[in-house]
Amino acid sequence: MAGGRVDDTMNLGGIKTSSSEIERVLNQVEAVRETAAVAFAKDGPAELVVFVVLDVPAPEVDLDVLKRSMNQCLKVRLNPLFRVSRLMVVDLLPRTASGKVMRRQLRTEIQ
């Protein structure tokens, strides 16, 4: 099954946005090298799950503080209704041969 631009669009609280918009904002947060934002809906509204590659060793980062910083950044720079529900630290983001992030694969890691 081929994935396309539909994978990059998410509906958070009734507001449509792209993962790249969210990632652009979150990549500016201190200690973050890069992020991948995905919407995940199990039994209710979609929640924002962010996979993050850190710029510093993971033990040096308080993930609760990082999540609060990300939420504050989203609130100020994008939309006050967007909130990171879960933060998942990864060493590398899965990519296609052309370098695009494989968000579909990341969604399978959310439980």
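All of the numbers you see were taken from the coordinates with simple rules; none came from a lab. Values in this document were obtained by computation on a predicted structure and should not be read as measured data. Neighbour counts are summed over all protein chains in view; Cβ atoms, including those assigned to glycine, are modelled from backbone coordinates with ideal geometry.
For the chain, what is the calculated [θ] at 222 nm in deg cm²/dmol (nearest 500), taking -39500 (n - 2.57) for each run of four or more DSSP H residues and dividing by its residue count? Per the formula, -7000 deg cm²/dmol. If the segment from ARG77 to ALA41 were pulled out straight at 0.36 nm per residue, it would be longer than the present Cα-Cα gap by 10.5 nm. Under the simplified labelling scheme, the MET88-LEU63 pair shows an inter-label distance of 1.1 nm, with each label point 7 Å from Cα along Cα→Cβ. Remark: MET88, MET70 ranked as MET88, MET70, counting other beta-carbon atoms within 10 Å and listing the fewest first. Is the chain best put as rounded, prolate or oblate by its Cα gyration tensor, with a ≥ b ≥ c the root eigenvalues, rounded for a/c under 1.5, and otherwise prolate when a/b is larger than b/c, oblate when not? Oblate, since a/c reaches 1.5 and b/c is not below a/b.
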